[in-house]
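Only one structure is covered here, and it is reproduced in the block below.
None of the figures in this text is laboratory data; all of them are computed from the coordinates on show. What you see is a predicted model, and the numbers here were worked out from it, not measured in a lab. Positions of Cβ are backbone-derived with ideal geometry, glycine not excepted, and every protein chain shown enters the neighbour counts.
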Amino acid sequence: MTWDKVRTVLGTIAPWIAGSLGTPATGAAVKLLCDAFGLAPGAGPDAIGAAIASATPDQLMALRMAEMKHQEFMQQLGYQHVEQLAATDASDRASARDREIRTGDKWTPRAIAGMVVVCYFAVQWFVLDHVVPAEMRDIVMRTLGTLDAALGMVLNYYYGGSHDAAQQQQQQGGAGNG
């Protein structure tokens, strides 16, 4: 399952949490979902999707409470309607791409993206190749979670926005070229 599918499923149950997925507030939204469903911190879309599909009434109530808490939090940040989240997300992507065009800086984002990908695989190799003592598991899992999020942002930056726009154009009958 992808985050887009999780967002779609959550859209009617918890629109503020769903609207936060894929934005700078993703971490807060995922934490709320993990807490509501009793999942390990930083659970991915597959685990969260499975939890939603098999949710108990108590978990749905916890999700509803998390939704109200998140709505209040987002309104304190200045978002009065959930639709503002999508507009802000699209504006952020457009702004980043516009910066790329204006500055002509091709190497800095590529170098950062390359470092994130290399670090991701280096840490994964380390965890798989070495036995991590039990007292270190939390810090290693936290590091992996941070790198997973960074890798997701890097890949979304380079492949997500244009690919999503092309898919939307094709669904609307356009001839996207992304």
Query raised in the report: By its C-alpha gyration tensor, with a ≥ b ≥ c as the square roots of the eigenvalues, how is region 3-76 shaped: rounded for a/c under 1.5, else prolate for a/b larger than b/c, else oblate?
Result: rounded
Query raised in the report: Once the other residues with Cβ under 15 Å from the Cβ of Ala111 are scored (Lys, Arg +1; Asp, Glu -1), what is the net sum?
Result: 0
Query raised in the report: Among 44-53, 68-77, what's the highest-first ranking by average C-beta atoms within 10 angstrom per residue?
Result: 44-53, 68-77
**Report entry** About the Cα centre, charge dipole magnitude for region 32-84 (Lys/Arg +1, Asp/Glu -1 at Cβ), debye
**Finding:** 40 debye
Report task. With a/c under 1.5 counting as rounded, go ahead and sort the chain into rounded, prolate or oblate using the C-alpha gyration tensor (a ≥ b ≥ c being the square roots of the eigenvalues; past the cut-off, prolate if a/b is larger than b/c, else oblate). Result -> oblate
Query raised in the report: With each run of n ≥ 4 DSSP H residues scored as -39500 (n - 2.57), what mean residue ellipticity at 222 nm is computed for the chain after dividing by its residue count and rounding to the nearest 500 deg cm²/dmol?
Result: -24000 deg cm²/dmol
Requested in this report: Within 10 Å, count the other beta carbons around each residue, average over each peptide in 116-127, 98-109, 147-158, and list them highest first.
Outcome: 147-158, 116-127, 98-109
Query - Contour minus Cα-Cα distance for Thr2 and Arg110 (0.36 nm per residue) - result: 36.4 nm
